[in-house]
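These notes are about the structure you will find just below.
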Protein chains: 2
Amino acid sequence: MTAPLFDTLAIIGPGLIGSSIARAARAQGAVRSIVASSRSPETRKIIAKLGIADKVVETSAQAVEGADLVIVCVPVGVCGTVAKEIAPHLKAGAIVSDVGSVKGVIVRDMGPHLPDNVHFVPAHPVAGTEHSGPEAGFAELFENRWCILTPPEGTDAESVDRLAAFWSLLGANVEIMTPDHHDLVLAVTSHLPHLIAYTIVGTADELETVTRSEVLKFSAGGFRDFTRIATSDPTMWRDIFLANKEAVLEMLGRFNEDVAALTKAIRRGDGEALSEHFTRTRAIRRGIIDAGQDTADADFGRSHGHED
Amino acid sequence: MTAPLFDTLAIIGPGLIGSSIARAARAQGAVRSIVASSRSPETRKIIAKLGIADKVVETSAQAVEGADLVIVCVPVGVCGTVAKEIAPHLKAGAIVSDVGSVKGVIVRDMGPHLPDNVHFVPAHPVAGTEHSGPEAGFAELFENRWCILTPPEGTDAESVDRLAAFWSLLGANVEIMTPDHHDLVLAVTSHLPHLIAYTIVGTADELETVTRSEVLKFSAGGFRDFTRIATSDPTMWRDIFLANKEAVLEMLGRFNEDVAALTKAIRRGDGEALSEHFTRTRAIRRGIIDAGQDTADADFGRSHGHED
């Protein structure tokens, strides 16, 4: 184990992501001590019981006192409020970061509140599961996943390096890009897929001709794959769509054009166009598996009650 | 082990599904012997090597000679041709079935060719993986999955019961419905999800502003879930969309309306409408898990290099 990279880490809002950071930071000896804050008495009780923080406090202001690294893990829509709350209590020279899935709005909402004597390095670990809350976290969540840092122009390079080293120690691969490019990339790799998944699950639930029980029974035909991400935290996702409105609408526009093209091929009975399209999309999954971002096992490795 | 339900089973076109039927039928002692036919010398060689059939022949006509149960496992678009080929060679009293994902067209394409002295009981096991070909099959594929039988009006009830018993022995739950209702149910639980998955994967592949390498790297944000079913066999899926055109277009219409409603909510910044929708869709996954049709494990149980 190497020497800790930071003395005190403050996690504000320890849910799935925040609690996983705490677990991973401790497992890797990345920090000397961890303080977690939550306004919810229930969450504070769970964190204390899980024993994944050295100290559990009620307010974010208390949490950041003396902390060298502050990671804000609340939904995107309240990051600005939290920044305002913590600003007067931050230690000089501290690094302030977050884990939000949208970065342009984080820079706009948090940045102006933070004092000049701290280093603001927004981050987005592209990792998670469909489960929410501190009990769903685990130390290995970030292993071989990407963490994107989006430092605003003029950010202290050493602070960016230190945060990158922290995420590397937690098992992540680190990439740096502008907030705007991040928001475009995530619109297609994450936000549009979630919106489509939420939509199709809703569509299936509202049919008069096919019962809900039939939808559930026969979901192994493909539908069930969409339901996993459609169970993600509703508040978090509401905030993401509102915060990344323009990029999401742009990707939705592209997607709608492509749906229209395939619909036309079906309507006209154009088998060749369909085959061509379906053959082309196969290569992408191979690329994802080769990039270490998914399993090659059939059915995502779901158990079939066998070990074939 | 019980007495075999059929003497000889003929599997025409042993790919993922056909080879899994052969494996499962043998594992359960459901039949006394199995003959498999494929026009492809490569497939015949693989079947012989896998040793999952007692006999491997070239033509479907040879395969059905003396067979008591014939299961046609070729793409939906060629089932009619196969029915015509096998018709003169079928044993009197044989049961003829298939595994096609669309049933109305199967009844229309196969039915007229089959002689009156055989029993035609179309079937659709709602099971599979994204992999294709005989080597991808396994005996447990149908365990706790549904197999839908769609006997045309006037079908011999005893034959329906015998085929139901066969599928039950292979581990499936059996349901009986009309071909048209089947096609509507599968349009929403399987065909629409595949079409949407194929579309979104294509959309992501065609962007100028986000590179393919970025799409692959950051796919763990949600996109990768769509890529699994978008790697399914292109020929099979071309045939499905052409064969179930009306029901698929109907479901696409519904889906488009729902996409438009969520798009409007995003454009207007209507957070309440988004939250409400995202909260509602959570219950569906719980229902699918309770119905035994998916795993409750995070990330479909994908390995995170840990056993949490």
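One table, with the values for the structure above:
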read-out: Qualifying residue in region A:54-64 (condition: of a type in the set (S, T, Y) and farther than 28 Å from A:T129 by Cβ); value: yes
read-out: When residues of region B:254-272 are limited to those that are crowded, with 16+ Cβ neighbours inside 10 Å and in contact with a Leu (Cβ under 8 Å, 6 or more places away or on another chain), the one farthest from the other protein chains (Cβ to nearest Cβ); value: B:A265
read-out: Single condition A:A261 does not satisfy, out of (1) in contact with a Phe, Trp or Tyr (Cβ under 8 Å, 6 or more places away or on another chain); (2) at pLDDT 90 or above; value: (1)
read-out: Residue match in region B:199-219 (condition: within 8 Å of another protein chain (Cβ to nearest Cβ), touching a residue at least 12 places away in the same chain (Cβ under 8 Å) and among the polar types (S, T, N, Q)); value: no
read-out: Contacts under 6 angstrom Cβ, first residue in region A:278-296 being facing chain B (nearest Cβ under 7 Å), partner assigned to a loop (DSSP other than H, G, I, E, B) and modelled with pLDDT of 90 or more, 6 or more apart; value: A:T281/B:A230; A:R282/B:T231; A:R285/B:T231; A:I288/A:D294
read-out: Options B:G80, B:G133: the member that is within 22 Å of B:T235 (Cβ to Cβ), within 14 Å of another protein chain (Cβ to nearest Cβ) and surrounded by fewer than 20 Cβ atoms within 10 Å (Cβ to Cβ); value: B:G133
read-out: Region A:136-154 - residue that is surrounded by fewer than 18 Cβ atoms within 10 Å (Cβ to Cβ) and not acidic (D, E) and, of those, farthest from A:G18 (Cα to Cα); value: A:G154
read-out: Meets criteria (closer than 27 Å to A:P112 by Cα and buried (at least 24 other Cβ atoms within 10 Å of the Cβ)) for A:V70; value: yes
read-out: From A:I17, A:I52, residue being touching a residue at least 24 places away in the same chain (Cβ under 8 Å), within 22 Å of A:S159 (Cα to Cα) and buried (at least 24 other Cβ atoms within 10 Å of the Cβ); value: A:I17
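The values are calculated or read from the model by the stated rules, or taken from the named source; none is laboratory data. This one's a predicted model, so the numbers in the text were calculated from it and none came from an experiment. Neighbour counts run over all protein chains shown; Cβ positions are idealised from the backbone, glycine included.
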